[in-house]
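Notes follow the structure.
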Amino acid sequence: MTELSQNIIALVKHAVEEDIGKGDLTSLGCLEPNRMKAKIVAKSEGVLSGTKPALLVFDQIDSANKVHFLKNDGNVFTRGDLIAEIDGFNLSLLASERTALNFLGRLSGIASLTANFVHRVKHTQCTILDTRKTTPGYRLLEKEAVVHGGGCNHRRGLDDMVLIKDNHISSAGSIRSAVEHIRHYMSTPDFTLQFETDPKNILIEVEVKNENELTEAIDCGVMRLLLDNQSPKSLKRMVERARSLNSEVKLEASGNVNLDNVADVAESGVDFISIGALTHSAPTSDFSMLVIE
């Protein structure tokens with residue numbers, strides 16, 4: 001079983017327990033058990049994500065429920081589109097409804113916002129990335145939703161990439177000191193034992209605030225730089241400086257990027273733009289489950 005599958009199972013289990021508690025009091029009190037058919041329809045437009053946890057919600061509450069999605073994760077939907085057809089039992093379907101739609105709405109919202117950013121930079125070679133600003137516990141699902149929207153994932157967590165940021169630099173004393181220390185650490189048995197990978201598989205990225213820091217990082221042999229909180233004009237100047245020192249270095253912009261300015265940021269020549277808003281500020285897509293009979 002993959003890490004994502006385990007994550008989905010754990011999240012769905014918790015979400016179902018959170019919503020149902022001791023039982024669906026309303027349905028148990030006013031309904032007789034009967035077969036029921038229903039459908040999920042879109043009340044907004046966007047890009048679909050979250051079908052896997054939604055399916056698992058219906059299955060976990062009652063494995064007799066049959067849910068058929070007519071669209072796949074990553075597909076575009078418009079208002080009024082039929083998203084899924086459902087055949088099951090009224091008590092269990094009504095108990096499943098809100099939790100399943102919560103997963104669909106949250107994750108489709110992330111995919112849809114990502115798609116909007118990707119569309120704004122499609123005339124460039126720039127890649128839209130997510131960040132670690134995710135909902136606690138939902139990171140793998142939210143990062144998958146970013147991919148469904150056409151974006152790419154930055155590091156998953158603290159263990160799969162080196163990102164030396166301003167606080168690391170301040171604590172280490174300089175960019176050079178921080179880079180030298182991390183390279184030394186990755187040559188030790190302690191690194192190999194804990195992280196179980198070849199140091200060559202670990203990307204080192206350094207955050208720089210100005211051209212002096214940019215020059216220092218490139219002089220240290222760092223091949224990826226994070227240009228944080230820069231204006232498009234400043235970004236263009238720093239990109240030109242970096243390319244003059246090493247044409248192979250990869251450059252990432254981040255900070256205060258929105259749909260209005262993302263094209264200007266991309267046109268500066270950076271390779272990547274990382275955007276926390278993809279996961280921390282995405283509007284929720286709107287879906288409804290409607291009873292057919």
Gyration tensor (alpha-carbon) shape descriptor, segment 102-157, a/c threshold 1.5: oblate
Cα-only Debye scattering, segment 215-270: base-10 log of I(q)/I(0) at q = 0.20, 0.24, 0.26, 0.27 Å⁻¹: -0.66, -0.90, -1.02, -1.08
Cα shape, the chain, gyration tensor, a/c 1.5 rule: prolate
Contact order normalised by residue count of segment 118-280, Cα under 8 Å, 6+ apart, percent: 29 percent
Within segment 183-282, trypsin sites (Lys or Arg not before Pro) in DSSP loop having at most 16 other beta-carbon neighbours inside 10 Å: Lys209
Segment 135-184 shape via C-alpha gyration tensor axes, a/c threshold 1.5: prolate
Percentage relative contact order, segment 82-172, counting C-alpha pairs under 8 Å, at least six apart: 28 percent
Contact order relative to length of the chain, as percent, for alpha carbon pairs under 8 angstrom and 6 or more apart: 23 percent
Residues of type lysines that Lys236 reaches as a straight line, Cα spacing below 18 Å, ignoring anything fewer than 8 places off in the same chain: Lys209, Lys250
Per-selection Rg to Rh, segment 1-142 - Cα, Kirkwood hydrodynamic radius: 1.02
Using alpha carbons only: equivalent-ellipsoid semi-axes of segment 201-242, gyration tensor based, whole Å: 18, 11, 8
222 nm mean residue ellipticity, helices alone, for the chain (DSSP H n ≥ 4; -39,500 (n - 2.57); rounded to 500): -14000 deg cm²/dmol
With eigenvalues of the C-alpha gyration tensor scaled by 5 and rooted, segment 118-280, Å: 25, 22, 13
Over 31 Å (Cα to Cα) - which of Lys200/Lys233; Lys13/Lys165; Lys143/Lys200; Lys22/Lys71; Lys71/Lys233 fall in this group: Lys200/Lys233; Lys13/Lys165; Lys22/Lys71; Lys71/Lys233
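No lab work stands behind these numbers, since they all come straight from the coordinates. Predicted, not measured: the structure shown is a model, and the values here were computed from it. No Cβ is skipped: glycine too gets one built from the backbone with ideal geometry, and neighbour counts run over all protein chains shown.
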